[in-house]
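K.L.:
My questions will all concern the structure given below.
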Amino acid sequence: MKLEDFDFELPLEAIAQEPASERDRSRLLVHDIEADVTAHMDVRGLTELLGRGDLLVINDTAVI
């Protein structure tokens, strides 16, 4: 895989420039593999999605 594989136009307004003022209102895109359904949520709903033994991986890298 090469970095060039990810080249595409992304409008500046589509990239968060600063954190949400209410941090728990940060957006979250969720995909249910079994139901093949994608939903837009916010971080407040994260506790509804995670269960005992789940692993949460956080990516805090900047957009290239």
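K.L.:
Can you tell me which of (1) surrounded by 10 or more Cβ atoms within 10 Å (Cβ to Cβ); (2) under 15 Å from the mean Cα position of the chain (by Cα) is the one Thr61 doesn't meet?
P.N.:
Going through (1) surrounded by 10 or more Cβ atoms within 10 Å (Cβ to Cβ); (2) under 15 Å from the mean Cα position of the chain (by Cα) one by one, Thr61 breaks only (1).
K.L.:
When segment 24-48 is examined, which residues are found to be out of contact with any Asp or Glu (no Cβ under 7 Å at 6 or more places or on another chain), part of a helix (DSSP H, G or I) and either exposed (fewer than 10 other Cβ atoms within 10 Å of the Cβ) or modelled with pLDDT of 90 or more (or both)?
P.N.:
Across segment 24-48, the qualifying residues are Thr47, Glu48.
K.L.:
Within segment 16-46, how many residues are of a type in the set (Val, Ile, Thr) and more than 15 Å from the chain's Cα centre (by Cα)?
P.N.:
2
K.L.:
Starting from segment 14-29, keep only residues that are over 17 Å from Ile58 (Cα atoms), then list their pairs with residues that are open to solvent by 80 Å² or more (accessible area, probe 1.4 Å) whose Cβ atoms are within a distance under 7 Å, requiring at least 6 positions of separation or different chains.
P.N.:
Correct list of pairs: Ile15/Val63.
K.L.:
Right, next: If you check Arg52 against the conditions, is it open to solvent by 100 Å² or more (accessible area, probe 1.4 Å) and modelled with pLDDT of 90 or more?
P.N.:
Judged against the criteria, Arg52 is a match.
The values are calculated or read from the model by the stated rules, or taken from the named source; none is laboratory data. Bear in mind that the values here come from a model prediction, so they are computed numbers and not experimental data. Positions of Cβ are generated from backbone atoms using ideal geometry, with glycine treated the same way; all protein chains shown enter the neighbour counts. To get the accessible areas, we keep the full protein, side chains included, count just its heavy atoms, and leave off ligands, DNA and RNA. Shrake-Rupley method; radii C 1.70, N 1.55, O 1.52, S 1.80 Å.
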